[in-house]
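Throughout, read-outs are computed from the coordinates displayed, never taken from laboratory work. Given the structure is predicted, the values throughout are model-derived calculations rather than measurements. As a convention, Cβ positions derive from the backbone with ideal geometry for all residues, glycine included, and neighbour counts pool all protein chains shown.
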Amino acid sequence: MLDYAFMRNAFAAAAIVALVAGPVGYFLVLRGQTFAGHALAHIGFTGATGAFLLGIPPLWGLLGMTLAAGVVIGLLGEDLAQRDVAIGLVLALALGFGFLFLHFVTSFATQATALLFGNVLAVDPATVWSLLGLGILALAALGAIARPLLFASLQPELAQARGVSLRLIAALFLAIVAFATAEAAQIVGVLLVFTLMVGPAAAALRLTRRVGAGVLVAAALALLQAWGGLALAYETDWPASFWITALSGLVYAAAVLAGSWRAVAARGARA
Amino acid sequence: MSALAFRDVELALGGRSVLAGVNLAIEAGEFIALLGGNGAGKTTLLRAALGLVAPRRGSISVFGQPAARGNPAIGYMPQSRSIPPSLRLSGRDFVACAVDGARWGLPLPGRAARAEVERVLDLVGAADLARRPLAELSGGERQRLLLAQALLDQPRLLLLDEPLMSLDPSRQAGVVDLVASLQRRLGVTVLFSAHDLNPLLPVMDRVLYVGNRQAALGTVEAVITPAVLSRLYGTPIEVVRAGGHIFVAAGGLDLARDTHGCGESAHGHAHSHRHDGHRHDGHRHDGPTEAADA
Ligand SMILES: Nc1ncnc2c1ncn2[C@@H]1O[C@H](COP(=O)(O)OP(=O)(O)OP(=O)(O)O)[C@@H](O)[C@H]1O
Ligand SMILES: [Mg+2]
């Protein structure tokens, strides 16, 4: 299967994206901001359709739009309830514009499907290099803010008292999420970013007790899903995005079952 | 030099004045009980000492330095416990996130940081507890981890915002004893906010009572009096001492209801008038909470 150049590109792209989406997703789930991540991906759709209109590569339109939206959502503030409403409104507005752009772009149907559901087998070497550059940038930025990010996520009021700016951290983190989202959208499309970013991370949070282990497990599970999905797509000729979502659901269900089984075992040991 | 000093301080939130004309000096090594009804401004006062609420007027100093964010001399236990109930992270990692937490970079604790985490966990007797996931800890056990976190980096002033919240009476006594012994061993100054004075009576030095935009600092004899409390609640207050406890009640109403309230015992009425939902303490009273609401 690796004899084909397009498969090699796909495996490389999937690996890069998985190794970024897993760790970024870990913090996203830890902070309870999965809705923000979900919204960013959909907002990216508008950026990509806008890019088509302007004749620039959709990846850059997607990235620009998610980056702007991420920073704005981060700066909006700490009040969670209000934040969800604000995110929802921005999301609806952005999708409205996306639909308007679609209206102006003719002969868009195939690109639109690729944008929404991904087309990893069509990734060219230039895109792989772009993904690698963006991925390194995202992971480096995440590494740079990881300590105050963890502190602000677990103990926001204490972090603030110790001099951490919650707003700055939120904006920087969502900017990183924007990078990860733009990457993941190249593989599974904007509609299914959740499957690489949230699925493995949520499973990792259920399976681990240490932060370091959780981040590594999230990355490993994302990689397993992405590569497993590609291999299954090659064998079956079904879309890779489908297999990746199927594996994501399976991995999460297995993590939940492992948790319940552990609880039952602990109860049995006590009895 | 006072551990904490307020000079003619006014604190406002969202344009509303919460406390005004506050003058007080807490000396190093004191154990101060910070009391007041819901919304009286206890949390606001503590956050002002941390530099998180800038005074509209006056000045606040901590060990002679102006109050400012990131002061390593202060340990803080916030009131809102934001730990998600299903988080499977270990207590140890939770405590450790606060070590040098404001510094950029990866959260990889070095040898010194790990030793500091073990030190504070030992101080509160939670070294074994901290191995377990947060999701499997009781409220009281989480409280101990939060206390450990407040002790990181050897603070000289501990600001504890309602550590007794949602604990049963015996756990309350346990937390109070733990804090008192830490205070003696480490020589720290403690400002401990609570809704009920009684659990703190055996260990506290003085009381800081807030209400009606004012604050009164002094000994129990000087502050817990009908005259001072009536001023702080803006309504007539009675103070009754019985069996080593102090009961504060609004204009006799509270005690009158006591005799035929819940019926089971003279102490049962606590259930009938507590609306804050924080505590279900069956035999200690804090009538003014209701007086302030009324
Ligand atoms: N963001 C805000 N804007 C305006 N007013 C606020 C804000 N936050 C709190 N307040 C008000 O400030 C007052 C003081 O609140 P604070 O939290 O300090 O009270 P508290 O004594 O800690 O109460 P509790 O016992 O319920 O914790 C309250 O009346 C509250 O309504
Ligand atoms: Mg409070």
How large is ³J(HN,Hα) for each residue in the stretch A:234-244, as worked out from phi by the Karplus curve 6.51 cos²θ - 1.76 cosθ + 1.60 (θ = phi - 60°), to whole Hz, x for Gly and Pro? 5, 5, 9, 6, 8, x, 4, 4, 4, 5, 5
Cα centroid of the stretch B:123-189 to Cα centroid of the stretch B:49-85, whole Å: 19 Å
Given a cut-off of under 8 Å on Cα pairs at least six residues apart, what relative contact order in percent is computed for chain A? 31 percent
Can you report the principal axis dimensions of the protein assembly as shown using only the alpha carbons, biggest first, rounded to whole angstrom? 87, 56, 49
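Sort A:256-264, A:27-35 for me by packing, meaning the mean count of neighbouring Cβ atoms within 10 Å per residue, highest on top. Don't skip to the answer; put the middle values down first.
Details: A:256-264: 11.8, A:27-35: 20.7.
Top to bottom by mean Cβ count within 10 Å: A:27-35, A:256-264.
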Heads up, the stretch A:1-76 by the C-alpha gyration tensor (a ≥ b ≥ c square roots of eigenvalues; a/c under 1.5 rounded, else a/b over b/c prolate, else oblate) looks oblate
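Subtracting the Cα-Cα distance from 0.36 nm times the residue separation, let me have the gained length for A:Arg267 to A:Ala220 in nm, one decimal.
Details: separation 47, 0.36 × 47 = 16.92 nm, distance 3.01 nm.
Full extension of this stretch gives 13.9 nm more.
Shape verdict for the stretch B:82-193, please, from the Cα gyration tensor: rounded (a/c under 1.5), prolate (a/b greater than b/c) or oblate. Please list the in-between numbers first.
Values: a/c = 1.81, a/b = 1.19, b/c = 1.52.
Here the stretch B:82-193 falls in the oblate category.
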Going by amide H atoms built from the backbone, whose H comes under 5 Å of the H on B:Leu4, apart from near neighbours? B:Ile26, B:Phe63
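Using a Förster radius of 45 Å, what is the FRET efficiency between B:Asp122 and A:Tyr4 based on their Cβ-Cβ separation? Nearest 0.05, please. Please report the intermediate quantities before stating the final value.
On the way: r = 59 Å, r/R0 = 1.32.
Efficiency at R0 = 45 Å is approximately 0.15.
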Sorting A:Phe173, A:Phe99 on the 10 Å Cβ count, fewest up front, what's the list? A:Phe99, A:Phe173
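Rounded to the nearest 20 Debye, what is the dipole magnitude of the stretch B:173-234 about its Cα centre when Lys and Arg each give +1 and Asp and Glu each give -1 at the C-beta? Intermediate results must be reported in sequence, preceding the final value.
On the way: 5 positive and 4 negative charges, 36 e Å.
In total the dipole reaches around 180 debye.
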Note, ³J(HN,Hα) from phi for the stretch A:205-215, Karplus 6.51, -1.76, 1.60, rounded to Hz, x at Gly and Pro: 5, 7, 8, 10, 10, 10, 4, x, 4, x, 5
Calculate the mean, over all residues of peptide A:25-32, of how many other protein chain Cβ atoms lie within 10 angstrom of the residue's Cβ. 1
With contacts defined as alpha carbon pairs under 8 Å and 6 or more residues apart, what's the relative contact order of the stretch A:1-147 in percent? 36 percent
Of the peptides A:242-250, B:204-212, A:38-46, B:130-138, how do they stack up when ordered by the mean number of other Cβ atoms within 10 Å, highest first? A:38-46, B:204-212, A:242-250, B:130-138
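Taking neighbour Cβ counts within 10 Å as the exposure measure, how do A:Thr236, B:Thr44 sort from fewest upward? Numbers along the way, then the final one.
Details: A:Thr236 11, B:Thr44 17.
Fewest to most other Cβ atoms nearby, the residues stand as A:Thr236, B:Thr44.
Beyond 29 Å, what share of the Cα-Cα pairs of the stretch A:5-190 is found? Please give it as a whole percent. Walk me through the intermediate numbers first.
Details: 3824 of 17205 pairs.
Considering the stretch A:5-190, 22 percent of its Cα-Cα pairs are separated by more than 29 Å.
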Pseudo-spin-label distance A:Arg167 to B:Ala25, built 7 Å along Cα→Cβ, given in nm, is 3.7 nm
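In square nanometres, what is one fourth of the surface area of the convex hull spanned by the alpha carbons of the stretch B:1-146?
On the way: hull surface 42.6 nm².
Taking a quarter of the hull surface, the average projection is 10.6 nm².
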The extension gain from B:Ala112 to B:Ser170, computed as 0.36 nm times the residue separation minus the Cα-Cα distance, is 17.4 nm
Read phi for every residue in the stretch B:204-210 and hand back ³J(HN,Hα) as whole Hz from Karplus 6.51 cos²θ - 1.76 cosθ + 1.60, θ = phi - 60°, with x for Gly and Pro. 7, 8, 9, 10, 10, 10, 10
Förster radius 41 Å - calculated FRET efficiency between A:Ala122 and B:Ala68, Cβ distance, rounded to 0.05: 0.15
In nm, spacing of pseudo-spin labels at A:Leu100 and A:Arg210 (7 Å Cα→C-beta vector): 5.2 nm
Would you mind giving the mean number of other chain beta-carbons within 10 Å of the Cβ of each residue in A:10-20, as a whole number? 0
Starting from the amide H of B:Leu158, placed 1.01 Å from N in the peptide plane, find each other amide H under 5 Å away whose residue is 5 or more places distant or on another chain. B:Gly75, B:Thr189, B:Val190, B:Leu191
What does the structure give for B:43-49 when I average, per residue, the other chain Cβ atoms found within 10 Å of the residue Cβ? 1
With each pseudo-label sitting 7 Å past Cα toward Cβ, what's the B:Trp104-A:Leu93 distance in nm, one decimal? 3.1 nm
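With 10 angstrom as the radius, rank A:His103, B:His195 by how many other C-beta atoms surround their C-beta, starting from the fewest.
On the way: A:His103 10, B:His195 23.
With the fewest neighbours first, A:His103, B:His195 line up as A:His103, B:His195.
What order, most packed first, do the peptides B:106-113, B:229-236 have when packing is the mean number of other Cβ atoms within 10 Å of each residue?
Details: B:106-113: 13.0, B:229-236: 18.8.
Going by the mean number of other Cβ atoms within 10 Å, highest first, we get B:229-236, B:106-113.
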Under 5 Å between amide H atoms, partner at least 5 residues away or on a different chain: which partners does B:Leu34 have, H built in plane at 1.01 Å? B:Phe192, B:Ser193, B:Ala194, B:Leu208
